[in-house]
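A short write-up of the structure that comes next.
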Amino acid sequence: MANDVQHAAMPPASVPVIRTVALARAFALGGQVVRALGGVSLQIERGAFVAIVGASGSGKSTFMNLLGLLDHPTGGQLFVDGVDASHLDRDARARIRGAKVGFVFQGFNLLDRTSALENVELPMMYAGVGRAQRRTRAVAALQAMGLGDRLEHVPSQLSGGQQQRVAIARALVNRPSLLLADEPTGNLDSATTREVLALFVQLAVEQGITVILVTHEHDVAAVAQRVVEFRDGVVVHDGLPPPEWQPVVQAPWHAGRVA
Amino acid sequence: MSLFTLLRVALRLLRRNKLRSALTVLGIVIGVAAVIAMVALGRGAQSNVASQIASLGANLILVLPGATQTAGVKGAQGSSSNLTRGDIAALGREVPTISAVAPTNRVSGQIVYGDANWSTSIFGSTPAYFDVRQWKVARGATFGDGEELTAAKVCVLGQTVADNLFGDQDPIGQTVRARNVPLRVIGVLEPKGQSVMGNDQDDTVLVPLATLQQRMIGGSRETVGTALVAATGPDTIDAAMADMRAVLRQRHHLQPDDDDDFSLRNMQDIAKANAEVADVLTVLLGAVAGVSLLVGGIGVMNIMLVSVTERTREIGIRMSVGARSRDILLQFLVEAVALSTLGGALGIGIGAIAASVLQRTTGWPTLFDPQTAAVAVAVSASIGVFFGFYPARTASRLDPVEALRHE
């Protein structure tokens, strides 16, 4: 069982983590059909660090929800690790979500009154990991985030930066292919923002984890290798961050670029 | 997620909301406690009736003499004295479904011991009386055929009489006087308590029938007041009564269109009527208490629904890390069942205590039976499943995107 998960998480490097073909999502709102996402085709390679930007209502959140399998598309196709995830039911989506996707949210979304350790154990509980192994891996994940001395602290006893690091530990503990971060630095001060973004860069570079970051801050988006901009449900820009955006932290791929 | 993990998580979440969990549980606790206490009360009444039936003596049939008739005016039943020892002996001989017969005569009288005295009923009967009524002595001995034949001056006291005349003193071997006849006390009967009719069965003195007839009252030695007859079993009571009626009619030379000049009574019929009342009582009390259990269940549902709304974000978070609908459904269901089962267990304890307090303060008999307790736990767990299912399903069907956005 654990072996299967391992295999599923490690498809050939040539297979893109995300591939969408005319991916669309429409909502029925009071008898009217609102096209939140109108046919997006793109591909995200393994270990990439991609920023998704756009005004609110541009469709970037809808796109994120589709990539994270929280939502289902109404048109087009979505491949996660080469597997067609366009027409999966709720439970199948939940299973893939648990195994391949880690979420980091602006509001941290940790369970209240639940220790850091238990928060990090949560994804493994749903993945069917045994109790002892759960504990060992959760402790290791928190130690890797520099929270080895905060295991039994509940969210209200942790600073914003610490809470976000607990959330990142939780997102990574099932060894996902994809880390989806929705405005992860929105609630953090600039020092902590730099810290978290440096961590994301490190994950992408050293562990080959694909990071997709939704943000509206240019200096945060500029950290990424690639910026995808949404407007009115379609992609209007896909490429290097505009040169005038100053990244908050440096990444290897910034070398040689005009500062 | 394993059921054990689910249970652990559920209990932790319930502990986190101690006051609310306690209040939710309270509804079930009261419901189950009410059921347990009320059914204990009903069962107590039932067992009281059952023990009354047993205290009569099993399969007892009474033979009463008929009424006197003077110029068409009928006296009370039993006022005539047309039953004879011969009749009673014939019954024992000729009816195969009878196991024992005990003719009795009864007089009221004062029993005197030293300067103590007590008015009671004095029964004269044969040794068969003790078998028919299934009555043993607590101390001493009963009289036998020898005492009956010789009209020996002995008596056996009922517990009430013994208590009133002798107090803490041992009555065995002492001599009491009844109707100016000195009687040696040879035994004290074990207490039987109230009869089906509500009178004190222990307020009695037994002497051999011959002693009563020859020494204490005048008149015919042949006449018998009432006869107590034991049928061979509960199934043969009706047959025995039919045969007894035929024998007595024949011995009294009654024509086919004459009325019976005696009457036969099956005491169990009276007891059965009482038992039915007790059954109805149990069902009614149980039903009223059941309603409060239902209300408790609705309380659980209410709290679970509030909980689902309040914890929408938590549900979203759980879904985002891979929880399937089933996981969420089970989580809430296990919480509801844990709440109501806990309530059920507490309710049994409190109900049992309430029943025993009730018994002590009011004197009503109660009977706590484990079967009802087991049913109550099963019912409260099912209430958890039933009333927890809708909220749990609501939770499991939440849209993860919406749930995560919920504030």
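Give just the number: which of (1) more than 21 Å from B:VAL9 (Cα to Cα); (2) surrounded by 17 or more Cβ atoms within 10 Å (Cβ to Cβ); (3) modelled with pLDDT of 90 or more does B:THR366 not satisfy?
Of everything listed in (1) more than 21 Å from B:VAL9 (Cα to Cα); (2) surrounded by 17 or more Cβ atoms within 10 Å (Cβ to Cβ); (3) modelled with pLDDT of 90 or more, B:THR366 misses just condition (3).
Is it fair to say A:ALA85 is over 30 Å from A:LEU158 (Cα atoms), crowded, with 21+ Cβ neighbours inside 10 Å and either under 15 Å from the mean Cα position of the chain (by Cα) or at pLDDT below 95 (or both)? Outline the logic, then answer.
Values: over 30 Å from A:LEU158 (Cα atoms): yes; crowded, with 21+ Cβ neighbours inside 10 Å: yes; either under 15 Å from the mean Cα position of the chain (by Cα) or at pLDDT below 95 (or both): yes.
The answer is yes for A:ALA85.
Given the residues B:MET216, B:MET301, which is the only one that is touching a Gly at 6+ places or on another chain (Cβ under 9 Å) and closer than 30 Å to B:PHE389 by Cβ? Full working, then the answer.
Numbers: B:MET216 fails: closer than 30 Å to B:PHE389 by Cβ.
Checking each option against the conditions leaves just B:MET301.
In segment A:118-134, what residues are surrounded by fewer than 17 Cβ atoms within 10 Å (Cβ to Cβ) and either facing chain B (nearest Cβ under 10 Å) or under 16 Å from A:LEU172 (Cβ atoms) (or both)? Walk me through how you get there before you give the answer.
Filtering segment A:118-134 down to residues surrounded by fewer than 17 Cβ atoms within 10 Å (Cβ to Cβ) leaves A:128, A:130-133.
Within segment A:118-134, A:GLY128, A:GLY130, A:ARG131, A:GLN133 meet the criteria.
Considering only segment B:89-122, state which residues are charged (D, E, K, R) and part of a strand (DSSP E or B).
To start, the set of residues in segment B:89-122 that are charged (D, E, K, R) comprises B:93-94, B:106, B:115.
Once the filter is applied, which keeps residues that are charged (D, E, K, R) and part of a strand (DSSP E or B), segment B:89-122 yields only B:ARG106.
Tally the residues that are open to solvent by less than 10 Å² (accessible area, probe 1.4 Å) and either within 14 Å of B:ALA355 (Cα to Cα) or within 14 Å of chain A (Cβ to nearest Cβ) (or both), restricting the search to segment B:10-30.
Going through segment B:10-30 one residue at a time, the tally reaches 1.
In segment B:319-349, which residue that is open to solvent by less than 10 Å² (accessible area, probe 1.4 Å) and charged (D, E, K, R) is farthest from the other protein chains (Cβ to nearest Cβ)? Lay out the reasoning, then the answer.
Here is the first cut: in segment B:319-349, the ones open to solvent by less than 10 Å² (accessible area, probe 1.4 Å) are B:319-320, B:322-323, B:327-328, B:331-332, B:335-336, B:339-340, B:343-344, B:347.
Narrowing further to those that are charged (D, E, K, R): B:327, B:335.
Details: B:ASP327: 6, B:GLU335: 15 Å.
That would be B:GLU335.
Give the residue that is most open to solvent (accessible area, probe 1.4 Å), with candidates limited to residues of segment B:372-407 that are assigned to a helix (DSSP H, G or I) and within 11 Å of chain A (Cβ to nearest Cβ).
Within segment B:372-407, the first condition is being assigned to a helix (DSSP H, G or I), and the residues that meet it are B:372-396, B:400-405.
Going one step further and asking which of them are within 11 Å of chain A (Cβ to nearest Cβ), we end up with B:396, B:400-405.
Working: B:SER396: 8, B:PRO400: 9, B:VAL401: 17, B:GLU402: 104, B:ALA403: 1, B:LEU404: 20, B:ARG405: 147 Å².
If we take residues in segment B:372-407 being assigned to a helix (DSSP H, G or I) and within 11 Å of chain A (Cβ to nearest Cβ), then B:ARG405 is most open to solvent (accessible area, probe 1.4 Å).
Step by step: first the residues of segment B:350-366, then only those that are assigned to a helix (DSSP H, G or I) and without any contact (Cβ under 8 Å) to a residue 24 or more places away in the chain, then the one that is farthest from the other protein chains (Cβ to nearest Cβ). Which residue is that?
The first filter runs over segment B:350-366 and keeps only residues assigned to a helix (DSSP H, G or I), leaving B:350-362.
When the remaining residues are screened for being without any contact (Cβ under 8 Å) to a residue 24 or more places away in the chain, the result is B:353, B:356-357, B:360-362.
Working: B:ILE353: 34, B:SER356: 40, B:VAL357: 39, B:ARG360: 45, B:THR361: 45, B:THR362: 47 Å.
Selected residue: B:THR362.
Would you point out the residue of segment A:67-79, among those that are out of contact with any Lys or Arg (no Cβ under 6 Å at 6 or more places or on another chain) and within 14 Å of chain B (Cβ to nearest Cβ), that is most open to solvent (accessible area, probe 1.4 Å)? Write out each step before concluding.
Taking segment A:67-79 as the starting set, the residues that turn out to be out of contact with any Lys or Arg (no Cβ under 6 Å at 6 or more places or on another chain) are A:67-68, A:70-72, A:75-78.
Subset that is within 14 Å of chain B (Cβ to nearest Cβ): A:67-68, A:70-72.
Details: A:LEU67: 0, A:GLY68: 0, A:LEU70: 4, A:ASP71: 13, A:HIS72: 78 Å².
Applying the filter and picking the extreme gives A:HIS72.
Only residues that are at the interface with chain B (Cβ under 7 Å from one of its Cβ atoms) and part of a loop (DSSP other than H, G, I, E, B): list them for segment A:83-117, please.
Selection gives A:ASN109, A:LEU111, A:ARG113.
All but one of (1) assigned to a strand (DSSP E or B); (2) within 12 Å of chain B (Cβ to nearest Cβ) hold for A:GLY39; which doesn't?
Tallying (1) assigned to a strand (DSSP E or B); (2) within 12 Å of chain B (Cβ to nearest Cβ), A:GLY39 fails exactly one: (2).
The values are calculated or read from the model by the stated rules, or taken from the named source; none is laboratory data. Values in this document were obtained by computation on a predicted structure and should not be read as measured data. Because the Cβ atoms are built from the backbone with ideal geometry, glycine has one as well, and the counts that use them run over all protein chains shown. Surface areas here come from the heavy atoms of the whole protein model, side chains and all, with no ligands, DNA or RNA. Shrake-Rupley method; radii C 1.70, N 1.55, O 1.52, S 1.80 Å.
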